[in-house]
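Engineer: Mind looking over this structure? Questions follow.
The values are calculated or read from the model by the stated rules, or taken from the named source; none is laboratory data. Just so it is clear, the structure is predicted and the values come from calculations on it, not from any experiment. So basically every Cβ, Gly included, is an ideal-geometry build from the backbone, and we count neighbours across all protein chains shown.
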């Protein structure tokens, strides 16, 4: 059994303007950040370093907040089940894991032709994290 410890801070209880969850596994940590219509997963330990490049391990865009919230909660559970050796903890992925979520049955990687449609949302999300990075310290 994989042991996970989860710290959750919900938007209605904090002053950051987003909800987030930090998942600890052994000595590795990941953070899931839900802001507006975006949910991203980052290496939490790297996020705290000055040299952090804001490379997400996963970034999803949603059409409404209820779908984003539901998937945020689902991702927390999925991260708890994952092995510490997976791509979200000890073996980070190299590819651009940038997605559009339509519903539980329909999500896909962003293709080149639609990237420009989501680029502003992606940049706003990353800028939010850059401007609030110090507030994610547990």
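Engineer: Taking residue 88 as meeting all but one of (1) surrounded by 17 or more Cβ atoms within 10 Å (Cβ to Cβ); (2) closer than 22 Å to residue 120 by Cβ, write down the number of the exception.
Structural biologist: All conditions pass for residue 88, except number (2).
Table: residues versus (1) loosely packed, with under 15 Cβ neighbours inside 10 Å; (2) modelled with pLDDT of 95 or more.
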position: 26; (1), (2): yes, no
position: 32; (1), (2): no, yes
position: 40; (1), (2): no, yes
position: 46; (1), (2): no, no
position: 55; (1), (2): no, no
position: 61; (1), (2): no, yes
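Engineer: Being surrounded by 12 or more Cβ atoms within 10 Å (Cβ to Cβ) and over 15 Å from the mean Cα position of the chain (by Cα) is the filter here, so list the residues in segment 120-131 that pass it.
Structural biologist: none
Engineer: Sticking with this one: So how many residues does segment 115-138 have that are touching a strand residue (DSSP E or B) at 6+ places or on another chain (Cβ under 7 Å) and assigned to a helix (DSSP H, G or I)? Before the answer, list the steps.
Structural biologist: Initially, segment 115-138 is screened for residues touching a strand residue (DSSP E or B) at 6+ places or on another chain (Cβ under 7 Å), giving 118, 121-122, 125, 128-129, 136, 138.
Then drop every residue that is not assigned to a helix (DSSP H, G or I), which leaves 118, 121-122, 125, 128-129, 136.
Adding up the residues that qualify gives 7.
Engineer: Further question: Can you find even one residue in segment 46-56 that is in contact (Cβ under 8 Å) with a residue 40 or more places away in the chain and over 27 Å from residue 12 (Cα atoms)?
Structural biologist: Yes, the conditions are met somewhere in segment 46-56.
Engineer: Tally time: how many residues in segment 49-88 are under 18 Å from residue 29 (Cα atoms) and touching a strand residue (DSSP E or B) at 6+ places or on another chain (Cβ under 7 Å)?
Structural biologist: Final tally of qualifying residues: 11.
Engineer: Turning to a different aspect of this structure: Quick check: anything in segment 101-113 buried (at least 17 other Cβ atoms within 10 Å of the Cβ) and within 15 Å of the chain's Cα centre (by Cα)?
Structural biologist: Checked against the condition, which is being buried (at least 17 other Cβ atoms within 10 Å of the Cβ) and within 15 Å of the chain's Cα centre (by Cα), segment 101-113 yields at least one hit.
Engineer: If you take the residues in segment 89-105 that are touching a strand residue (DSSP E or B) at 6+ places or on another chain (Cβ under 9 Å) and not in a loop (DSSP other than H, G, I, E, B), which one is farthest from residue 33 (Cα to Cα)?
Structural biologist: Ranking the qualifying residues of segment 89-105, first place goes to 102.
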